[in-house]
Amino acid sequence: MTEVVAAPNPLLEGLTMRRPPEPCAIAIFGASGDLTQRKIMPALYALAMRGLLPARFGIVGVSRTEMSTEDFVERMRQAVMVNCRDEFRHDVWERLAEGLHYVSADFGVEGGEAALVDALNEIDETRGTAGNRVYYLAVPPAAFDDIVTALGRRRTASGWTRVIVEKPFGHDLASAEALNELVTTYFHEDEIFRIDHYLGKETVQNMLVLRFANGIFEPIWNRQFIDHVQITVAESLGVEGRADFYEHAGAIRDVVQNHMLQLVALTAMEPPIDFAAESVRNEKVKVLKAIHTPGPKHVVRGQYGSGYIEGEEVPGYRQEHGVAADSNTETYVAAKLFVDNWRWADTPFYLRTGKRLPRRETTIAIQFKRAPHPLFEVDRESLRPNVLLIHIQPDEGVSLAIGAKVPGQGTSIRTVHMDFLYGGAFRIGIPEAYERLILDCLLGDATLFTRADEVEEQWAIVDAMVAPWKRDRPRFPNYAAGSWGPPAADDLLHRDGRSWRRH
Amino acid sequence: MTHIAWVPERWVEAATGTLAGLAERHPSRAILLLPQPEDTTDSVEGEADLRCFVRQGERKEVCAEVITLRLRGARASVPASVVMPLLVSDLPVFLRWRGPLPFGSTELEQLVGLADRLVVDAVEWDEPARDCRELSKLFGTIAVSDIAWARTLPWRAAVAGMWPDVAGAAQVAVAGPLADALLFAAWLETRLGHAVDLDHEPADEIERVEVDGQEARPVAAELMTPSDFLSDQLEMFGRDPIYEEAARRVASWTTTK
């Protein structure tokens, strides 16, 4: 049979609008769950509001909960009204709701997927979605096997298929490898979209722009000029109803394995040859492969006891609802990592993440080396090194700390900040990470998703970090809620003659 | 950036409204030039405002500077020396020219010489085809944006989405302003590489586009305000060859289609 090659569309030339996604249907597994209501549906609504969804589009909500399509539509409408960043517009919602369906299905039983297959086929006929499918697995990993197997066996002969997989992708290297093997049995790697929602954040993407669109940073972005890097992911909240998950995951699996190692990779990676998915991910994987396995002395874990957050007394982790009274789950991790390559040899990357810290903050601080010659006769403490601070959230932006002369007689120096704040420079709202990621998936762009080898490298690092924990019993709690973590985390830097950033 | 707006008397109200919306999206120094060449006194009268806007749902404000200058008498024909000291260093300069362009005048020549991009709206012109011809002579000198062209964007995207059904299109019907309709038809003709007849129905904004009787369905077109259209142009820095080609095609039509 002769393949018919479509002529290129001359009308698209010069259109500044992003090309629209092709017609497709999206099936959301875990449709009755929290993530669908808080993030996925509001993101789809926001995309519809901006005309970024394909004209021919349908959504099928799938879960085991018995519910009619009418009830599902109403539940989603409420979810959008509460959680969307935009004003609710009935006309936009009505257009989206026209293509909204619900299917109650148990993929654990033989043929449980039949109702979904029927619903998708119907959408193909009525809405012209051409067999193109996005399967969004917003379900716990335990449910993956049945769903992926059923979908893989009944994938359509026509159209394309993409699978979005929510974190956690496994709980250690072995389970991640098993999951990868399962998914790749039925789907090609370029059909699999593993979400780490941090990569959908504007400020995380801005890290790439900052580094690779500005000529001044890259020449000094190395061990010659940078003393060390500090990455902080701090939360003031406790487990907030996620005790069941958190008891098994802890801070290292919840945050370090995915978000923090992504931030390390983006900070340390070499310039990719282009902004294509494989080029960017190749460079990130190289960084992860180059991370030296941290020894036990380079990793600190902690668990919060009772304390005060914003003046309010809060219980310790072990007193939280759903948490074992003798739980040894870590709610805090600090670590010193080294990226063993020419650019970063001997330059420490200090990471810390924790719950019930004094405030919510995600930052990457690039601390440069001090000026080589002390020209001014001033207190060394007042002549602080330059720090480039990338605020991921909140107060998104970039800030450079520099020394400036205090006006007046003599030479007194103070640290001042040159700030770029997204909120101060742009009034347009920052899109939610899920909007960007869902749209990218509809467009088939996997740049901001995690590749199989990337996720396995991340787990290999985490496995090495937690291995010594099996041998010793921690003395928990070891930091008070509302403090910046256990004293051992401070010692981790003090031993190197450094300290965590002041807040 | 610096945003210079040349605003003759009859456009002041519209320009002020657009500027308010614009500043929310493009914090910048706006220099509003209000020419009054008939005034018997030769003078420049100015005022400066700092206008701040609260971001939706947030406590922070975004602020923009607005400098309003009344150029009276002969000063209206030599604006460059007044404007130059007020430009923000090292940042792009956009010139929004309200109303018909006085081709060959010193004021246009001077301000085009200062700016990186000229932004016009062909709907403000009396004879779009004639003015497109004159405007196209500036393409080699300055990057040009036409808001009438920008308004057709959602409709162009919608028709592009109808490919390949529209590959052999022979006729396009546009209900909308004449300038928008001409640019749309010229775009279709230049992209497809063959003649396309235009059936134009006057309306204040584009309400309908049909290609060979098939209706285009744009998305989000109704959400765009005049400020949004201007804002979009301020995000462009290079020349727009597709627009230039369409404008030259309009210029080649001595009589409207």
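The values are calculated or read from the model by the stated rules, or taken from the named source; none is laboratory data. From a predicted model like this one, the values you see are computed outputs, not experimental measurements. Neighbour counts are summed over all protein chains in view; Cβ atoms, including those assigned to glycine, are modelled from backbone coordinates with ideal geometry.
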Review point. (1) surrounded by 18 or more Cβ atoms within 10 Å (Cβ to Cβ); (2) over 24 Å from residue B:111 (Cα atoms); (3) acidic (Asp, Glu): which one isn't true of residue B:204, the others all being true?
Key: (1)
Review point. Counting only residues that are at pLDDT 90 or above and hydrophobic (A, V, I, L, M, F, W, C), how many does segment B:1-29 have?
Key: 4
Review point. Is there a residue in segment A:268-289 that is without any contact (Cβ under 8 Å) to a residue 40 or more places away in the chain and buried (at least 22 other Cβ atoms within 10 Å of the Cβ)?
Key: yes
Check your understanding: Quick check: is even one residue across segment A:427-437 surrounded by 18 or more Cβ atoms within 10 Å (Cβ to Cβ), within 23 Å of residue A:392 (Cβ to Cβ) and free of Cβ contacts under 8 Å to residues at least 40 places away in the same chain?
Key -> yes
Check your understanding: Out of all the residues in segment A:25-64, which are within 18 Å of residue A:139 (Cα to Cα), without any contact (Cβ under 8 Å) to a residue 60 or more places away in the chain and buried (at least 23 other Cβ atoms within 10 Å of the Cβ)?
Key -> A:41, A:59, A:61, A:62
Review point. Among (1) at pLDDT below 95; (2) closer than 30 Å to residue A:219 by Cβ, where does residue A:336 come up short?
Key: (1)
Practice item. Tell me which of these residue B:100 doesn't satisfy, since it passes every other one: (1) away from chain A (no Cβ under 14 Å); (2) more than 28 Å from residue B:207 (Cβ to Cβ); (3) assigned to a loop (DSSP other than H, G, I, E, B). Key: (2)
Check your understanding: Any residue in segment A:449-469 that is hydroxyl-bearing (Ser, Thr, Tyr) and closer than 25 Å to residue A:196 by Cα?
Key -> yes
Exercise for review: Scan the strands (runs of 3 or more DSSP E) fully inside segment B:113-185 and keep the ones with 2 or more residues being within 14 Å of chain A (Cβ to nearest Cβ).
Suggested key: B:143-146
Exercise for review: Of all residues in segment A:15-55, count the ones that are more than 14 Å from chain B (Cβ to nearest Cβ) and either among the aromatic types (Phe, Trp, Tyr) or under 22 Å from residue A:148 (Cβ atoms) (or both).
Suggested key: 15
Check your understanding: Regarding residue A:239, is this residue at pLDDT below 90, touching a Phe, Trp or Tyr at 6+ places or on another chain (Cβ under 9 Å) and at negative phi?
Key -> yes
Point to revise | Residues satisfying the stated conditions in segment B:186-202, i.e. hydrophobic (A, V, I, L, M, F, W, C) and in a strand (DSSP E or B) | key: B:198
Check your understanding: Just for segment B:61-91: of the residues that are hydrophobic (A, V, I, L, M, F, W, C) and assigned to a helix (DSSP H, G or I), which one is farthest from the other protein chains (Cβ to nearest Cβ)?
Key -> B:74
Check your understanding: Looking only at segment A:378-414, which residues are surrounded by fewer than 16 Cβ atoms within 10 Å (Cβ to Cβ), at pLDDT 75 or above and among the hydroxyl-bearing types (Ser, Thr, Tyr)?
Key -> A:411, A:412
Point to revise | Any chance residue A:448 is farther than 17 Å from residue A:333 by Cβ and buried (at least 21 other Cβ atoms within 10 Å of the Cβ) | key: yes
